[in-house]
1. Give me the pairs, please: first residue somewhere in the stretch 9-29 and among the polar types (S, T, N, Q), second residue anywhere and surrounded by fewer than 18 Cβ atoms within 10 Å (Cβ to Cβ), beta-carbon distance under 9 Å, and either six or more positions apart or on two chains.
2. Of the residues K38, K3, K16, K59, which single one is at pLDDT 95 or above, of a type outside the set (V, I, T) and out of contact with any Cys (no Cβ under 8 Å at 6 or more places or on another chain)?
3. Within the stretch 30-60, can you find the residues that are free of Cβ contacts under 8 Å to residues at least 24 places away in the same chain and among the hydroxyl-bearing types (S, T, Y)?
4. Can you pull out the residues in the stretch 8-44 that are of a type in the set (G, A, S), within 16 Å of Y63 (Cβ to Cβ) and surrounded by 10 or more Cβ atoms within 10 Å (Cβ to Cβ)?
5. All but one of (1) at pLDDT below 95; (2) among the hydrophobic types (A, V, I, L, M, F, W, C); (3) surrounded by fewer than 17 Cβ atoms within 10 Å (Cβ to Cβ) hold for F52; which doesn't?
6. Please specify each residue of the stretch 21-58 satisfying the condition of being of a type in the set (S, T, Y) and either assigned to a helix (DSSP H, G or I) or within 13 Å of the chain's Cα centre (by Cα) (or both).
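The values are calculated or read from the model by the stated rules, or taken from the named source; none is laboratory data. Being a predicted model, the structure only gives us computed values, none of them experimental. With ideal geometry, Cβ positions are generated from the backbone for all residues, glycine too; neighbour counts draw on all protein chains shown.
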Amino acid sequence: MAKRERSVIYAKDIMKITGRSKTYAYGLLKKIKAFFSKDNHQLVTIDEYARFHGIPVEKVMEYL
């Protein structure tokens, strides 16, 4: 069975990518939501995370 691609990034993923704490990861998600004018209940996509940091999506996907 092929690996399923997902489109949402979670705090645990950010912790894995950056090597930072859970507190940092949740704070970063909050900043990204504010940057893209999202409500609290809305999720952050991998594409939005990559655009926020100015890195290619492919590079982010290597860690997921």
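1. Sorted first by the residue in the stretch 9-29, then by its partner, the pairs are T18/Y24; S21/M15.
2. Working: K3 fails: at pLDDT 95 or above; K16 fails: at pLDDT 95 or above; K59 fails: at pLDDT 95 or above.
Exactly one of K38, K3, K16, K59 is at pLDDT 95 or above, of a type outside the set (V, I, T) and out of contact with any Cys (no Cβ under 8 Å at 6 or more places or on another chain), namely K38.
3. S37, the sole residue that qualifies.
4. Within the stretch 8-44, the first condition is being of a type in the set (G, A, S), and the residues that meet it are 11, 19, 21, 25, 27, 34, 37.
Imposing the further condition that a residue be within 16 Å of Y63 (Cβ to Cβ) reduces the set to 11, 19, 25.
Across the stretch 8-44, the qualifying residues are A11, A25.
5. (1)
6. So in the stretch 21-58, the residues of a type in the set (S, T, Y) come out as 21, 23-24, 26, 37, 45, 49.
T23, Y24, Y26, T45, Y49 - these are the residues of the stretch 21-58 that are of a type in the set (S, T, Y) and either assigned to a helix (DSSP H, G or I) or within 13 Å of the chain's Cα centre (by Cα) (or both).
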